[in-house]
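Enquirer: Right, I'll just put the structure down here and ask away after.
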Amino acid sequence: MTQLPNIITLLRIAGSISLLLCDMTSVAYWVIYGLCGISDIADGWLARRLKCVTKTGALLDSLADFCFVACCAWKLLPILELPQWLWLWAGVIVAIKVVNQISALVMYGHCCFPHTAANKATGFLLFIAVPMTFWSVIPLAIVGTVATFAAIHEHYIITNKNNLSHLSFPPLLHGATGQE
């Protein structure tokens, strides 16, 4: 029973990869997309409820989040006509995230993936914004705003180890925090 959250997370990775095999206009794509989103909430909730939050589970969760976003982006970006400013903004956010990981590697000898409220909000908003991108870039601008704050906040957390205890979801600097 204690491995159930990790199994759900692994299924999210498999579901994310299966999105690459589906047509974005198919019902199957959006059903799998929805199940991946629900599983992102379910794995963390179950891990906390069953008192089986682990570093491995947290790392798997971060990997599953990355896999889901990457697979959705692979399918969505070629068909969307996004303005150049949005691409540049996304690049800045990615650059901040890369600097965060380099900082963690230099300071602590390993990566750190804090599961903060801001990072969770970014993930949730991105999940609901993706279907809306066919009509407007405004949802992505909202996600970009929250994601920028989350990336800067993550950098602050990583570089100010003394402030870790004040988080509602404190990161463990030996890999990751808990499931989302």
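The values are calculated or read from the model by the stated rules, or taken from the named source; none is laboratory data. Values in this document were obtained by computation on a predicted structure and should not be read as measured data. Using ideal geometry, Cβ is built from the backbone for each residue, glycine included, and neighbour counts are taken over all protein chains shown. Protein only, heavy atoms only, side chains kept; ligands, DNA and RNA dropped before computing areas. Shrake-Rupley method; radii C 1.70, N 1.55, O 1.52, S 1.80 Å.
Enquirer: Where residues in the stretch 65-80 are within 16 Å of residue 39 (Cβ to Cβ) and not aromatic (Phe, Trp, Tyr), which of them is surrounded by the fewest Cβ atoms within 10 Å (Cβ to Cβ)?
Expert: Here is the first cut: in the stretch 65-80, the ones within 16 Å of residue 39 (Cβ to Cβ) are 65-69, 71-72.
Okay, now just the ones that are also not aromatic (Phe, Trp, Tyr), so 65, 67, 69, 71-72.
Working: 65: 24, 67: 18, 69: 15, 71: 21, 72: 20.
Among residues in the stretch 65-80 that are within 16 Å of residue 39 (Cβ to Cβ) and not aromatic (Phe, Trp, Tyr), the one surrounded by the fewest Cβ atoms within 10 Å (Cβ to Cβ) is 69.
Enquirer: Turning to a different aspect of this structure: Within the stretch 40-62, can you find the residues that are open to solvent by 70 Å² or more (accessible area, probe 1.4 Å) and in contact with a Phe, Trp or Tyr (Cβ under 9 Å, 6 or more places away or on another chain)?
Expert: Those that are open to solvent by 70 Å² or more (accessible area, probe 1.4 Å) and in contact with a Phe, Trp or Tyr (Cβ under 9 Å, 6 or more places away or on another chain): 41, 59.
Enquirer: Scan the stretch 18-31 residue by residue and report those that are open to solvent by 40 Å² or more (accessible area, probe 1.4 Å) and either free of Cβ contacts under 8 Å to residues at least 60 places away in the same chain or within 21 Å of residue 6 (Cβ to Cβ) (or both). So that I can check it myself, show each step before the final result.
Expert: Restricting attention to the stretch 18-31, the residues satisfying the condition of being open to solvent by 40 Å² or more (accessible area, probe 1.4 Å) are 20-21, 23, 25, 27-28, 30-31.
If the condition is that a residue be open to solvent by 40 Å² or more (accessible area, probe 1.4 Å) and either free of Cβ contacts under 8 Å to residues at least 60 places away in the same chain or within 21 Å of residue 6 (Cβ to Cβ) (or both), then 20, 21, 23, 25, 27, 28, 31 are the ones that fit.
Enquirer: Considering only residues that are open to solvent by 70 Å² or more (accessible area, probe 1.4 Å) and in contact (Cβ under 8 Å) with a residue 12 or more places away in the chain, which ones fall in the stretch 81-112?
Expert: Restricting attention to the stretch 81-112, the residues satisfying the condition of being open to solvent by 70 Å² or more (accessible area, probe 1.4 Å) are 81, 84-85, 87-88, 92, 94, 98-99, 102, 105-107.
Within the stretch 81-112, 92, 99, 107 meet the criteria.
Enquirer: Moving on to the next point. Considering the stretch 3-30 alone, what residues qualify as being part of a loop (DSSP other than H, G, I, E, B) and within 22 Å of residue 44 (Cα to Cα)? Quick ask: steps written out before the conclusion?
Expert: Step one: of the stretch 3-30, the residues part of a loop (DSSP other than H, G, I, E, B) are 3, 20-26.
Of everything in the stretch 3-30, just one residue is part of a loop (DSSP other than H, G, I, E, B) and within 22 Å of residue 44 (Cα to Cα), namely 3.
Enquirer: Then there is this: Does residue 136 satisfy being on the phi < 0 side of the Ramachandran plot, of a type outside the set (A, V, I, L, M, F, W, C) and not in a helix (DSSP H, G or I)?
Expert: Details: on the phi < 0 side of the Ramachandran plot: yes; of a type outside the set (A, V, I, L, M, F, W, C): yes; not in a helix (DSSP H, G or I): yes.
Yes.
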